[in-house]
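Here's the structure we're looking at; comments come further down.
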2 protein chains.
Amino acid sequence: MNKPTLYTILSPRLLDLYDLENAVVVIIDVFRATSTIATALFNGAQLVYPVAEVQDCIEKGKALNAITAGERDGKVIEGLQYGNSPAEYPASFIKGKILVLTTTNGTKLLHLALKQGASTVITGSFPNLSAVCNYLIAQNKNVILGCSGWKDRFNIEDTLFAGAVIHRIKSHFTIHCDSSLMAEDMHKLHQTDRIQFIRETTHWHRLQAYGLEKDLEYCVTEDGANIVPVYHPEDKALHPESW
Amino acid sequence: MNKPTLYTILSPRLLDLYDLENAVVVIIDVFRATSTIATALFNGAQLVYPVAEVQDCIEKGKALNAITAGERDGKVIEGLQYGNSPAEYPASFIKGKILVLTTTNGTKLLHLALKQGASTVITGSFPNLSAVCNYLIAQNKNVILGCSGWKDRFNIEDTLFAGAVIHRIKSHFTIHCDSSLMAEDMHKLHQTDRIQFIRETTHWHRLQAYGLEKDLEYCVTEDGANIVPVYHPEDKALHPESW
C-alpha cells in the first residue's frame, strides 16, 4: 500500500504549487498565532474564529458577544480588545468564551489555504506538537505543512516546527520534498538548543523589542497545550479535538 | 561604517520582496545552468547569452552564428544543438565560441531579476565559489543570493551554495535574514558529506534517471571553473571576469 505524501511549504507564496484539496493542511505560525490558538482552546475556549480582516473581527465579535483579538507590529489593533500573546488566555479568563482572532501571518495563510481549495485545515505549533502528530498519523491522508513565514518571507521558527513534526511522523509518509528534508535537518540540529537558537532569528529581534521574550520561549516549548484546533467550514471556526 | 546587507531568496516567487536595484544579484542554479555557464566561460567561451525562451535561443543562435543549448526534462530541446551539461563544454569545443542557453530555472530567474530592477547580475555555483566570493567582497555592495529552485519550489542544492558563500563572506556583511541563517546551517551540516547528501534530494532523483550522476558530482564540487560570469546589459550577455 502506498503511504500518503507529505510536503512542507516555506512561504504563503508557494502554496498554490501544491494540491491542497486532498490533504490535511497544517497552518503553522509559531510566533504567535497558532501557539495562541492552541493555548486558548486547550484552556477551555469554546471556539476560535480566525479572521483575515480587522473589520470582520470587530463585526464577528459583536455578533457573537466574543472576545476580539489581534495585533499589528506587536500592539493591539485599534477597535480590538486583546493581543496575540498566549499568556493573555489562561483558563481563568478564556474558559467557555469565544475568541475572534486576526493576525499578520497565520490567519492570513489559513484563509489563503481555504481559498485555494483546502478541505481539511488544522493549526499547529510547539505547544500542541504531540497532538498534531497523533492526529496526522491517524488520518492516513496526505499532509501539507504550511509555514506562515513573515510577510511572505521564509522564517526559521515555523520551519523548525515543520521539522519536528516530520521527525516524529515520517515513517508513515512518502516524502520527496527538499523543504521537508531541510526542515527535519534544521530541527535535528537545533532540538537541544532551540530557545538559544531562535534568539538569532529575525522574528525574535522584532518581538523582543516589544518585551515578548517569555512568549517566545513558551511558543517553542513542546506540548504545553496539547489539543488539535480543527477548522469546521460550516461555522468557520476552529474547534478543539483531543488527540 | 555600516556594512552592506546580504539576503538569500529561496524561490523566484519571493524575489519581489527584496530591493534588487541596489544590490549585486547572484543567480544560483547549481543543477545545472549556472554550473554550465561558469564552465563554458572558464573554458574559453567568449560570451554566454542567457535567454528565457526557446525561440529567442534559436534566433539569437542564427544571428550570432553561435552554439544553441537548452534542455527540458533532461533532453536537448528540439531546434537547439546542445544540452545543459557542463561536460559538453570542454575547452577543446567551446574556446572562442559564443553560447546561447535557455534552461528551466536559472535563466528564467536571471530574466525575472532584470525585469524587477536588478542592475548588477552575476551567476554562481560550486565550480566558481571562490571567484564569486572574491567578487562580492570586493564590490562592497548589498548582496542578494537568488536560488532558482525547481519550478518555483525550494531546493537543497541552491541553498547549499548560498550557505557556502555566506559562510565565507559573512564578516563583510550585515545579515538579518532567516533564509541566510538556515542556508549557512545547512552548508555547515553538509560540507563534508555534500555529494552523499544531494543523493537524497528531489533533483538528484530527477536527473539521476537521465544518467547524469557525474554531472551532479561536478556541480557540487568547489572551484573547478573559477571565473565570474557578469551580465552586461548593453549586449545582454554574460562576460567572464577573473577574481
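Bear in mind these aren't lab numbers, they're just calculated from the coordinates by the rules spelled out. Keep in mind it's a predicted model, so treat the numbers as computed, not measured. Cβ atoms come from the backbone with ideal geometry, glycine included; neighbour counts cover every protein chain shown.
Under a crude label model (7 Å from the Cα following the beta-carbon direction), how far is A:F93 from B:Q196 in nanometres?
With each label point 7 Å from Cα toward Cβ, the separation is 5.1 nm.
Taking K and R as +1 and D and E as -1, what net charge do the other residues with C-beta under 11 Å from the C-beta of B:A131 add up to?
In short, -3.
Counting partner chain Cβ atoms within 10 Å of every residue's Cβ in B:84-97, what's the average?
0
As an exercise, find the ratio Rg/Rh for region A:124-164 from alpha-carbon atoms, using the Kirkwood inverse-distance average for Rh.
Ratio value, two decimals: 1.01.
Using alpha carbon centroids, what distance separates region B:86-136 and region A:83-101, in Å?
Computed from Cα coordinates, the inter-centre distance equals 53 Å.
Loop only per DSSP, at most 15 neighbouring Cβ atoms within 10 Å: give me the chymotrypsin sites (Phe, Trp or Tyr not before Pro) in region A:165-228, ordered by residue number.
Here the chymotrypsin sites (Phe, Trp or Tyr not before Pro) that fit, given the DSSP loop and packing criteria, are A:Y210.
Using Cα atoms only, what is the angle between the long axis of helix B:129-139 and the major principal axis of chain B, expressed in degrees (0 to 90) to the nearest 10?
Helix B:129-139 and the main axis of chain B meet at about 60 degrees.
Where nothing but the Cβ of Lys and Arg (+1) and of Asp and Glu (-1) is charged, how large is the charge dipole of the protein assembly as shown around its Cα centre, in debye to the nearest 20?
40 debye
In Å³ and rounded to a whole number, note down the convex hull volume per residue for the Cα atoms of region A:6-241.
It comes to 108 Å³ per residue, whole-number rounded.
Quick one: of the DSSP bridges fully inside chain A, what percent are antiparallel, nearest 5?
30 percent
How large is the Kirkwood hydrodynamic radius of region A:148-193, counting all unique pairs of alpha carbons, in Å?
About 10.9 Å for region A:148-193.
Report, for the protein assembly as shown, the % of DSSP beta bridges that are antiparallel, rounded to 5.
Roughly 30 percent of the DSSP beta bridges within the protein assembly as shown come out antiparallel.
Return the Rg/Rh ratio of region A:172-243 with Cα-based radii and a Kirkwood Rh.
Rounded to two decimals, Rg over Rh is 1.06.
Find, among the residues of chain B, the one whose Cβ sits nearest the axis of the rotation taking B to A; state the distance in whole Å.
B:R13, 2
Looking at chain B as a GNM with Cα springs under 10 Å, which of B:T68, B:T159, B:T174 has the largest mean-square fluctuation?
Ranking B:T68, B:T159, B:T174 by mean-square fluctuation puts B:T174 first.
Two decimals, Cα atoms only, Kirkwood Rh: what is Rg/Rh over region A:1-109?
Result for region A:1-109 is an Rg/Rh of 1.03.
When you look at the Cβ of every residue in B:196-208, what mean number of other chain Cβ atoms sits within 10 Å?
2
Using the Cα atoms as the points, what is the convex hull volume per residue of region A:12-67 in Å³?
129 Å³
For region B:136-243, which GluC sites (Glu not before Pro) are in a loop by DSSP, counting at most 11 other Cβ atoms within 10 Å?
Sparse-neighbourhood loop GluC sites (Glu not before Pro): B:E234.
Mind giving me the nanometre distance, one decimal, between the label points for A:K75 and A:D223, set 7 Å out from Cα along Cα→Cβ?
Using points 7 Å along Cα→Cβ, the separation is 4.0 nm.
For label points placed 7 Å from Cα toward Cβ, what is the shortest-first list of nm distances from B:K95 to its copies?
8.4
Suppose the Debye formula is applied to equal point scatterers at every Cα of the protein assembly as shown; what is log10 I(q)/I(0) at q = 0.06, 0.08, 0.13 Å⁻¹?
So the normalised log intensities are -0.29, -0.51, -1.12.
Let's see if you can work this out: charge +1 on each Lys and Arg Cβ, -1 on each Asp and Glu Cβ, no other charges. What is the dipole magnitude of chain B about its Cα centre, in debye to the nearest 20?
So the magnitude is around 140 debye.
Can you give me the Cα centroid spacing of region B:219-243 and region A:183-211 in angstrom?
When both Cα centres are located, 36 Å separates them.
How far is B:K151 from the same spot in each other copy, in nm, shortest first, if each label point sits 7 Å from Cα toward Cβ?
3.2
With +1 assigned to the C-beta of every Lys and Arg and -1 to the C-beta of every Asp and Glu, and no other charges, what is the dipole magnitude of region A:158-222 about the Cα centre in debye, to the nearest 20?
Here region A:158-222 has a charge dipole of around 80 debye.
Would you be so kind as to identify which of A:H111, A:L47, A:L207 lies farthest towards the positive end of the dipole of region A:6-241, taking Lys and Arg as +1 and Asp and Glu as -1 on Cβ and the Cα centre as origin?
The listed residue farthest towards the positive side: A:L47.
From Cα pairs below 8 angstrom and at least 6 apart in sequence, can you work out the relative contact order of chain A, rounded to a whole percent?
Once divided by the residue count of chain A, the mean separation gives 33 percent.
Could you point to the residue in B:Y218, B:F161, B:Y231 farthest towards the positive end of chain B's charge dipole, with +1 and -1 charges on the Cβ of Lys/Arg and Asp/Glu respectively?
Toward the positive end, the furthest listed residue is B:Y231.
Using only helices, what value at 222 nm comes out for chain A when you add -39,500 (n - 2.57) per DSSP H run of length 4 or more and divide by the total residues, to the nearest 500 deg cm²/dmol?
Per the formula, -10500 deg cm²/dmol.
Along the positive direction of the dipole of region A:6-241 (beta-carbon charges: Lys, Arg +1; Asp, Glu -1; about the Cα centre), which of A:H172, A:M182, A:S125 reaches farthest?
A:S125
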